[in-house]
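The values are calculated or read from the model by the stated rules, or taken from the named source; none is laboratory data. Since we're looking at a predicted model, the values are computed, not measured. Glycine gets a Cβ as well: all are built from the backbone with ideal geometry, and neighbour counts include every protein chain shown.
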Amino acid sequence: MTKSLVVKLFWGSLIGLVAGLILMGITFALAINNDIFIMSGPDVTGIKSGVLPWILIGLCALAMLLLLFAAVVHFVAWIGAVLNTAQLPDKTWFVVLLVVGLLGLVFIATVAYVIAGPDGVKAKEEASALPQAGPVSPQVRPSTITGPNQHVG
């Protein structure tokens, strides 16, 4: 997975997160504004029946699905970043992304990779494009070759 794909997945997950939170906020604001909740003091004891409550429950469910999808896409972006850095000869980025992600800070690890991380696929392609270094044979100039009967002069 290339770094550009990881970056696209990261930004897509952030857009999904923001969209889900906005939809959830609008849904709750509409529910409170239209007195959808049956209250007993500070506690919600029920939801009024009708068309609007069902529409708002559907929108709330849609917002939760959007948030879940954004979280899965973000996790895939982190996995892509970890696999991408595993291809680098220097394993520092790989270890840092893996450890920080496994500590539960996947968002921070992915942000760090998006901002400053190297592209392992590009580095691997560049390394394979370079000619392989082998034993160097000395070049012999024909004018300096002398035989037993030849004099250099």
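Details
- Any hit, the stretch 20-33, residues being in contact with a strand residue (DSSP E or B) (Cβ under 8 Å, 6 or more places away or on another chain) and not polar (S, T, N, Q): yes
- Residue 101 meets the conditions (1) more than 24 Å from residue 122 (Cβ to Cβ); (2) surrounded by 13 or more Cβ atoms within 10 Å (Cβ to Cβ) in every case but one. The failed one is (1).
- Of all the residues in the stretch 35-88, those that are assigned to a helix (DSSP H, G or I), aromatic (Phe, Trp, Tyr) and surrounded by fewer than 17 Cβ atoms within 10 Å (Cβ to Cβ) number 3.
- Filter result for residue 19 (within 30 Å of residue 117 (Cα to Cα), of a type in the set (Gly, Ala, Ser) and either at pLDDT 95 or above or part of a helix (DSSP H, G or I) (or both)): yes
- Matching residues in the stretch 33-61 - criterion: being among the aliphatic types (A, V, I, L, M) and at pLDDT below 90: 36, 38, 39, 44, 47
- With respect to (1) more than 28 Å from residue 22 (Cβ to Cβ); (2) assigned to a helix (DSSP H, G or I), the lone exception for residue 115 is condition (1).
- None of 121, 100 is within 33 Å of the chain's Cα centre (by Cα), modelled with pLDDT of 90 or more and on the phi < 0 side of the Ramachandran plot except 100.
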